[in-house]
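Chemist: Dropping the structure in here first, questions after.
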Number of protein chains: 2
Amino acid sequence: MAGTDQTKDAVSGGPAIVLVEPQMGENIGTAARAMLNFGLTDMRLVRPRDAWPNEKARAPASHADVVIDGARVYRQTADAVAELNHVYATTARPRDMLKPVLTPRAAMEAARRHAAAGETSGILFGREKSGLHNDDVAVSEAVVAVPVNPAFASLNIAQAVLLLGYEWFLTGDDTPGHEFASGTTRPANHEELMGFFDHLEQELDAGGFLYPPEKRPTMVRNIRNIFSRIGLMEQEVRTLRGIVSTLTKPRKRGDS
Amino acid sequence: MAGTDQTKDAVSGGPAIVLVEPQMGENIGTAARAMLNFGLTDMRLVRPRDAWPNEKARAPASHADVVIDGARVYRQTADAVAELNHVYATTARPRDMLKPVLTPRAAMEAARRHAAAGETSGILFGREKSGLHNDDVAVSEAVVAVPVNPAFASLNIAQAVLLLGYEWFLTGDDTPGHEFASGTTRPANHEELMGFFDHLEQELDAGGFLYPPEKRPTMVRNIRNIFSRIGLMEQEVRTLRGIVSTLTKPRKRGDS
């Protein structure tokens, strides 16, 4: 897959992902994959422990070559974010610093607004064990803290990148929360539904199921209720009518 | 860290995470870690390729022992979800099946509503290469599809678990999107802010900065504007007054 193809459908204008002193090439690769999953391609590495390019990043990147091959290396965080308009630091809520604290969602909504105004953003991620240095946090516009189980709060770099990338992608995504995958069919209309009920109830009357007569209205209502609340598709109504027809057909053999 | 400590603060009633035919122990471990990050502890494995317990899962779980040690193994998906009230299948949007399709957010909001009503949920995740079989998808109540870059859409199991766990956690989390970490201080009040402005402008007048007089009102307004929009804390106003005092003190040595 060529780089242009990988980013063809990507949401553009996304934040730069700045990994400060990453240690494991595998984590850089996994972060690259997570970035491209959500249309981010601008990876910046500040003082990676090992040489770059690092072949250990290649396999975990899972063919996110456009990110790996485009990653740039810097000696200082300040160099890595020099031209960016907005810089965010992913870290735990600071205890000794006056600083706005954003959720990933609020931060990425801000980044999206900035992008719409032609302004660029970057997100700092600290090193595996120790996170970001306070000096890097201090010059960031705000802290991004992922809400997490306080009794088990450590997220690795690639996981944090994934969550920020996901929230970035959602700000530009119009997928409805709830859809129905319906292929070529459409929801059944009322006439089709009533046609099925007539068919079914006729066969149930014939079989003596809707008996005694004084209970028939309640039984019919209960049965109709079951099938009404499925939200049946037109194709499914035809399937159900086929089932009823099949079940009522005289059997070729058997004992019923 | 004991299991009870790890889950002490966890959000309870979360969905079971059901990994169907997972292949790599490492992925199971990483998924376990992601689960506990978001307070989920009920892991179920259907036909894992390798024996279980699997020591390869231990290190990537990063001490999420309560999840790893509590994981249960099943021969069939149906067995793994037998007692659950609601079953969701994470997969791409189905092309040949009539099925509700939910975003992770909508699905976890539903799971939270179910939990509030005392009903249990589970989420199926397919195997590394091939995902879930259609038979497992067919008996699920709905599909959960993660919105993702269509040109680079493959998420690994642990990443998918992380995103669903994250969305689950958010449904029970009341962290405001935007906060200010302020420690023991509080926002400055208007009087404190005006006191700083008086102090600063007096020194700037003395130093001849606010000149010529006809431009003074505009210059004062511009300066006040800078400091007004910071949203200064009381402690920061005192810091700024200290800075002004220091800068205007006669120097002990030097040439200015």
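The values are calculated or read from the model by the stated rules, or taken from the named source; none is laboratory data. Being a predicted model, the structure only gives us computed values, none of them experimental. Backbone-built Cβ (ideal geometry, glycine too); neighbour counts: all protein chains shown. Just so you know, the surface numbers come from the protein's heavy atoms only, side chains and all, with ligands and any DNA or RNA stripped out. Shrake-Rupley method; radii C 1.70, N 1.55, O 1.52, S 1.80 Å.
Chemist: Can you run down the residue pairs with Cβ atoms below 6 Å, 6 or more apart or on separate chains, where the first is in the stretch B:231-256 and at positive phi and the partner is open to solvent by 80 Å² or more (accessible area, probe 1.4 Å) and modelled with pLDDT of 90 or more?
Modeler: Note: no pairs meet the criteria.
Chemist: Look through A:L84, A:L98 and report the one residue that is under 13 Å from A:L124 (Cα atoms) and either more than 12 Å from chain B (Cβ to nearest Cβ) or modelled with pLDDT under 95 (or both).
Modeler: On the way: A:L98 fails: under 13 Å from A:L124 (Cα atoms).
Only one candidate qualifies: A:L84.
Chemist: Hey, any hits in the stretch B:139-159 for a residue that's open to solvent by 80 Å² or more (accessible area, probe 1.4 Å) and at pLDDT below 90?
Modeler: So far as the stretch B:139-159 goes, yes, one or more of its residues are open to solvent by 80 Å² or more (accessible area, probe 1.4 Å) and at pLDDT below 90.
Chemist: Next question, about the same structure. Quick one: which of B:E179, B:E167 is surrounded by 16 or more Cβ atoms within 10 Å (Cβ to Cβ), within 14 Å of chain A (Cβ to nearest Cβ) and not in a helix (DSSP H, G or I)?
Modeler: Selected residue: B:E179, the only one of B:E179, B:E167 that is surrounded by 16 or more Cβ atoms within 10 Å (Cβ to Cβ), within 14 Å of chain A (Cβ to nearest Cβ) and not in a helix (DSSP H, G or I).
The rows are residues; the columns are (1) among the small types (G, A, S); (2) under 23 Å from A:L170 (Cβ atoms); (3) surrounded by fewer than 22 Cβ atoms within 10 Å (Cβ to Cβ).
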position: B:V81; (1), (2), (3): no, no, no
position: B:N85; (1), (2), (3): no, no, yes
position: B:T90; (1), (2), (3): no, yes, no
position: B:R95; (1), (2), (3): no, no, yes
position: B:M108; (1), (2), (3): no, yes, no
position: B:I123; (1), (2), (3): no, yes, no
position: B:S130; (1), (2), (3): yes, no, yes
position: B:H133; (1), (2), (3): no, no, yes
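Chemist: Applying the selection to the stretch B:30-79, what residues are in a loop (DSSP other than H, G, I, E, B) and over 16 Å from A:A153 (Cβ atoms)?
Modeler: B:D42, B:R47, B:P48, B:R49, B:D50, B:A51, B:W52, B:P53, B:N54, B:A71, B:R75, B:Q76
Chemist: Report, by residue number, each residue of the stretch A:135-164 that is more than 7 Å from chain B (Cβ to nearest Cβ), in a helix (DSSP H, G or I) and in contact with a helix residue (DSSP H, G or I) (Cβ under 6 Å, 6 or more places away or on another chain).
Modeler: Within the stretch A:135-164, A:D136, A:I157, A:A158, A:V161, A:L164 qualify.
Chemist: Here's another thing I want to ask about it. Scan the stretch A:227-248 and give yes if some residue there is surrounded by 14 or more Cβ atoms within 10 Å (Cβ to Cβ), among the β-branched types (V, I, T) and farther than 30 Å from B:L102 by Cβ, otherwise no.
Modeler: yes
Chemist: Shifting gears a bit: Run down B:D96, B:D79 and say which single residue is touching a Gly at 6+ places or on another chain (Cβ under 8 Å), of a type in the set (D, E) and at negative phi. Outline the logic, then answer.
Modeler: Values: B:D79 fails: touching a Gly at 6+ places or on another chain (Cβ under 8 Å).
Checking each option against the conditions leaves just B:D96.
Chemist: Next question. Filtering the stretch A:188-224 down to residues that are touching a residue at least 40 places away in the same chain (Cβ under 8 Å) and not in a helix (DSSP H, G or I), which residue is most open to solvent (accessible area, probe 1.4 Å)?
Modeler: Among those that are touching a residue at least 40 places away in the same chain (Cβ under 8 Å) and not in a helix (DSSP H, G or I), it is A:N189.
Chemist: Suppose the filter is open to solvent by 10 Å² or more (accessible area, probe 1.4 Å), of a type outside the set (G, A, S) and either modelled with pLDDT of 95 or more or in contact with a strand residue (DSSP E or B) (Cβ under 8 Å, 6 or more places away or on another chain) (or both); does B:P48 pass it?
Modeler: In short, yes.
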